[in-house]
Amino acid sequence: LLPPLKVAVTGAAGQIGYALVMRIASGELLGKDQLIELNLIETEAGMSPLSGVMMELEDGAFPLLSKVSATSNLNEGFGDIDYALLVGASPRGPGMERKDLMAANAKIFAEQGKALNESAGINSKILVVGNPANTNALVASENAPDMWPEQFIAMTRLDQSRAKGLVAEKANVPVKDVDRVIIWGNHSATQYPDLSHARIGGKWAKSIITDDKWIRNDFIPRVQKRGAEVIDARGASSAASAASAAIDTIRDIHLGSPEQWLSNAIPSDGSYGIADGIWYSVPTVCEGDSHYRRVKNLPIDEYSAKMMNATEKELIEERDSVRHLLPG
Ligand code: NAX
């Protein structure tokens with residue numbers, strides 16, 4: 001067995017956290033030969049439900065779990081971690097507008113960025129799940145000046161998996177046969193799920209799904225609003241699938257998945273004409289050992305360019321609305 005790696009999870013007593021920590025403990029995050037130390041982070045109010053989660057982790061008798069701790073102290077929770085999954089966020093309260101939610105979360109992620117900067121392991125990778133995920137990643141990174149912006153990733157893997165699922169259903173194939181589906185931009189209703197480069201069973205998806213109207217009027221809005229569809233049916237927001245996507249993201253970054261294109265929101269470098277300084281989802285290739293690179297120079301048609309610009313615009317507006325919380 002490999003010596004323990006440290007993983008922190010914020011919001012560990014929440015519904016995503018609950019699903020997530022069990023799967024991390026069972027070895028699905030970092031591999032079945034990797035010992036794990038889990039640092040669970042919650043608010044003061046979350047400490048009591050978190051103690052129940054701790055009991056269940058103990059009762060799971062997970063052989064790979066060498067240590068579990070619970071804290072509301074960020075420097076303690078992020079101390080020497082290899083990976084952090086930032087799931088906890090402020091929920092939208094009654095009468096709260098989007099900009100209030102944005103500000104409340106920017107404050108949380110500014111504090112977490114500072115603590116990560118002081119305490120996290122030097123090569124750590126940070127996955128932001130809590131919403132608004134892209135802008136929270138920006139705020140955390142800006143508050144962690146000693147870390148590379150590339151160490152912060154906002155999760156759009158759930159959107160990609162949702163899109164793949166809908167394509168597989170439409171083409172009547174198993175989901176494993178669908179690849180190169182791309183999510184561009186924000187994890188929000190402006191995201192652009194793109195099938196221009198997708199393949200089904202190795203063939204160009206658009207030669208199999210030839211109905212462009214289905215793609216534009218059905219597929220794209222359905223992926224954009226899939227979260228709301230789950231809430232309507234379940235009476236609660238996506239949790240197990242979100243936990244699953246978080247596991248997939250970190251596992252692929254840690255162990256590599258070089259043959260796949262995986263959507264991740266990462267700091268823009270000007271590729272595809274997207275403004276610098278926002279966390280914008282692009283296709284990436286995970287080379288393993290915590291390295292990833294963006295897929296560059298894909299041809300972009302006029303429709304795609306329009307969709308990619310719309311979600312870029314929203315991310316710039318989000319950044320502007322939290323600018324007062326960004327240092328410098
Ligand atoms: P819950 O409300 O069930 O759990 C959130 C937990 O975080 C609570 O236990 C709360 O006490 C804790 N928390 C709040 N502020 C904290 C802080 N400052 N430090 C530590 N813990 C804190 O929400 P859940 O359904 O688990 O969702 C968590 C977040 O994921 C939300 O922001 C949600 O919008 C977001 N999502 C993101 C997705 C993505 O694809 N990026 C998809 C699923 C999900 O909607």
**Q.** Taking N as its residue count, the alpha carbon Rg of the stretch 2-154 over 2.2 N^0.38 Å
**A.** 1.01
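Count charges around Asn117 for me, please; just the other residues with Cβ under 12 Å from its Cβ, Lys/Arg as +1, Asp/Glu as -1.
Values: positive: Lys114; negative: Glu111, Glu118, Glu142, Asp146.
That works out to -3.
Roughly how big is the stretch 219-328's charge dipole about its Cα centre, with Cβ charges of +1 (Lys, Arg) and -1 (Asp, Glu), in debye to the nearest 20?
Numbers: 12 positive and 16 negative charges, 41 e Å.
Approximately 200 debye in magnitude.
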Q) Quick one: helix 47-59 against the long Cα principal axis of the chain, what's the angle to the nearest 10°, folded into 0 to 90? A) 90
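Which whole-number value in Å³ per residue fits the convex hull of the alpha carbons of the chain?
Details: hull volume 44.8 nm³, N = 328.
Taking the convex hull of the Cα positions in the chain, it is 136 Å³ per residue.
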Q | Among beta bridges that DSSP assigns inside the chain, antiparallel share in %, nearest 5 | A | 45
Q. Which value, in debye to the nearest 20, gives the size of the charge dipole of the stretch 2-154 about its Cα centre, when Lys and Arg are +1 and Asp and Glu are -1 at the Cβ?
A. 360
Q) Counting Lys +1, Arg +1, Asp -1, Glu -1, what net charge surrounds Glu317 among other residues with beta carbon under 13 Å of its beta carbon? A) +1
Q: Using θ = phi - 60° and the Karplus relation 6.51 cos²θ - 1.76 cosθ + 1.60, list the HN-Hα couplings for the stretch 24-39 in order, rounded to whole Hz, with x at every Gly or Pro.
A: 4, 4, 7, x, 7, 7, 10, x, 7, 10, 10, 5, 9, 10, 9, 10
Q: At a Cα cut-off below 21 Å, give the lysines reachable from Lys99, other chains included and same-chain residues fewer than 8 away excluded.
A: Lys107, Lys225, Lys313
Q: Go from 0 up to the bin containing the longest alpha carbon distance in the stretch 85-242, width 10 Å each, and give me the % of pairs per bin.
A: 10, 33, 30, 20, 7, 0
Q: Provide the packing ranking of 253-260, 179-186, 141-148, 230-237, i.e. peptides ordered by the mean count of other C-beta atoms within 10 Å per residue, highest first.
A: 179-186, 141-148, 253-260, 230-237
Q: Determine by what factor the alpha-carbon radius of gyration of the stretch 157-319 differs from 2.2 N^0.38 Å, reporting the quotient.
A: 1.00
(Q) At a 10 angstrom cut-off on C-beta neighbours, averaged per residue, how do the peptides 6-15, 195-204, 90-99 rank from highest to lowest? (A) 6-15, 195-204, 90-99
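The numbers here are math on the coordinates, done by the rules we state, and not lab data. Every value quoted in this text rests on a predicted model; they were computed, and no experiment measured them. Heads up, the Cβs are rebuilt from the backbone with ideal geometry, glycines too, and the neighbour counts pull from every protein chain shown.
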